[in-house]
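Scroll down for the structure; my scribbles are underneath it.
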């Protein structure tokens, strides 16, 4: 709203709320209360004069009545609008709606109360959740204290990663003493009195925050015993099935092999989830892994770890797919594709039927082509289907650069992009150490930065899985950590930038294929792909990656 100079403000309506607003405005160093407006000609408006506020009437008739009652009136609302930048309208419900046209004609900014309709201003303000969106507006609607209390509570839960969706019912006193003719519950000590409850203002809270699905209270009566002051009680039911903000509750892991079970253990130790369900075609294997992990829980934060079947993915915030054949020594990733596509055909439709609102995270290799397959088999929006991509490769690259240059890996920023596989590429043009681009870092520190060194690092990153498989038969620890990092970003709505595999539509001239690119990952899944500036040869390499994945998709009959 108005900013930069002393704000000249007026308060229209000097009732219960208007008094408070006028006092607050008068205490601000950057505001000047020009005057207050009211229709009353009694003690209520005398209070304003006693406080030193200039008093105005809505029109000439009210001004004359006030002067006849001995009140010093400065003028009408119309004259007041000549001298103000903004009006806070605290008039009774629906009255403000008749004033708005006048404010707009006079090009005066205005604020109305929560009793008015959202459509009156097109914006409903709660500082806790949408302060920035109010900046620069000509008008807004400040919601009721009921709504504000709900949004503050739910926003705190949301930021802590504990909220997926809420449905609330507000119960409040319905009638102030001077409104007793409305037949509601009196705002006084009336033990045992029952009546209707017209005062609920919860409907429409979702305009302030999409995580809240608020319904209007519909009770027939309410015992008002001992309710002698304004108050309200919030009842929120937290659910885990729908919505855009995830409740960090249940994570389902489909596939209890080396990767799936190690991931489940790592997740249990991370305090990210409250419940972990392990699912496998070999039910006894899933039960055994779940039991083993559950026995470690006393050393962690509380988490429930159980075995289940595909129906148990219901209510899971995230379903991690680690099922399928593992990569073996001497086997290239594309050779796994046909076999693992058939595995996905058997499980993905069942997962979606049991939980159509979950996020699907694919870990099975070849991950980019299988992320694409999961997207097509699920019918879900692309944002809600993602693969582990090159999150692990990027971590390996940072570890290599950390060792090579003797810098903490947390101060190394570099990406492996494209395919998680043989055609992957290192985006050297984006690599930085301590926020210094790699060539400049080498120049400043006089450390080697030769092309052959960079090529050797890229090769070690690309071939790391093959080297590990040659020595121990499979990879499981690092990918488990990578999956835990992705799940954490999802359930805690972190908006983390991770190189997950996601459908690419137009970036770098690439379409209709899943590749690993830097993406913002949060509660809704992949919120957006970041078009990081790349060198020409890197864009060419990225397109080769896309072609390799697209060819694998075609060979598997997935187009």
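Can you confirm whether segment 27-44 contains a residue that is crowded, with 19+ Cβ neighbours inside 10 Å and either over 28 Å from residue 148 (Cβ atoms) or not assigned by TED's automatic domain parsing to the domain that holds residue 132 (or both)? Yes - at least one qualifying residue is present in segment 27-44.
Can you tell me how many residues in segment 432-454 are at negative phi and not in a helix (DSSP H, G or I)?
8
All conditions but one from (1) within 30 Å of residue 273 (Cβ to Cβ); (2) in contact with a strand residue (DSSP E or B) (Cβ under 8 Å, 6 or more places away or on another chain); (3) at pLDDT 80 or above apply to residue 142; the one that does not is (1). Condition test on residue 452, is it within 18 Å of residue 403 (Cα to Cα), over 34 Å from the mean Cα position of the chain (by Cα) and at pLDDT below 95? Yes, satisfied. Looking at segment 532-551, is at least one residue over 20 Å from residue 253 (Cβ atoms), touching a strand residue (DSSP E or B) at 6+ places or on another chain (Cβ under 9 Å), assigned to a strand (DSSP E or B) and without any contact (Cβ under 8 Å) to a residue 40 or more places away in the chain? Checking segment 532-551: not a single residue is over 20 Å from residue 253 (Cβ atoms), touching a strand residue (DSSP E or B) at 6+ places or on another chain (Cβ under 9 Å), assigned to a strand (DSSP E or B) and without any contact (Cβ under 8 Å) to a residue 40 or more places away in the chain.
Residue count for segment 485-531, restricted to those that are in contact with a strand residue (DSSP E or B) (Cβ under 8 Å, 6 or more places away or on another chain), closer than 17 Å to residue 391 by Cβ and assigned to a loop (DSSP other than H, G, I, E, B): 7. Among the residues of segment 375-396, are any buried (at least 19 other Cβ atoms within 10 Å of the Cβ), over 28 Å from the mean Cα position of the chain (by Cα) and in contact (Cβ under 8 Å) with a residue 60 or more places away in the chain? Yes: segment 375-396 contains one or more residues that are buried (at least 19 other Cβ atoms within 10 Å of the Cβ), over 28 Å from the mean Cα position of the chain (by Cα) and in contact (Cβ under 8 Å) with a residue 60 or more places away in the chain.
Of all residues assigned to segment 405-427, at least one qualifies as being in a helix (DSSP H, G or I), more than 27 Å from residue 256 (Cα to Cα) and in contact (Cβ under 8 Å) with a residue 40 or more places away in the chain. Inside segment 307-327, can you point out the residues that are farther than 18 Å from residue 484 by Cα and not in a loop (DSSP other than H, G, I, E, B)? Matches in segment 307-327: 307, 308, 310, 311, 312.
For segment 29-72, taking the residues that are without any contact (Cβ under 8 Å) to a residue 12 or more places away in the chain and on the phi < 0 side of the Ramachandran plot, the one that is nearest to the chain's Cα centre (by Cα) is identified as 29. Of the residues in segment 287-297, at least one is surrounded by fewer than 16 Cβ atoms within 10 Å (Cβ to Cβ) and in a loop (DSSP other than H, G, I, E, B).
The values are calculated or read from the model by the stated rules, or taken from the named source; none is laboratory data. Note that the structure is predicted; figures quoted are calculated from it, not measured. In this analysis, Cβ positions are derived from the backbone assuming ideal geometry, glycine residues included, and neighbour counts consider all displayed protein chains.
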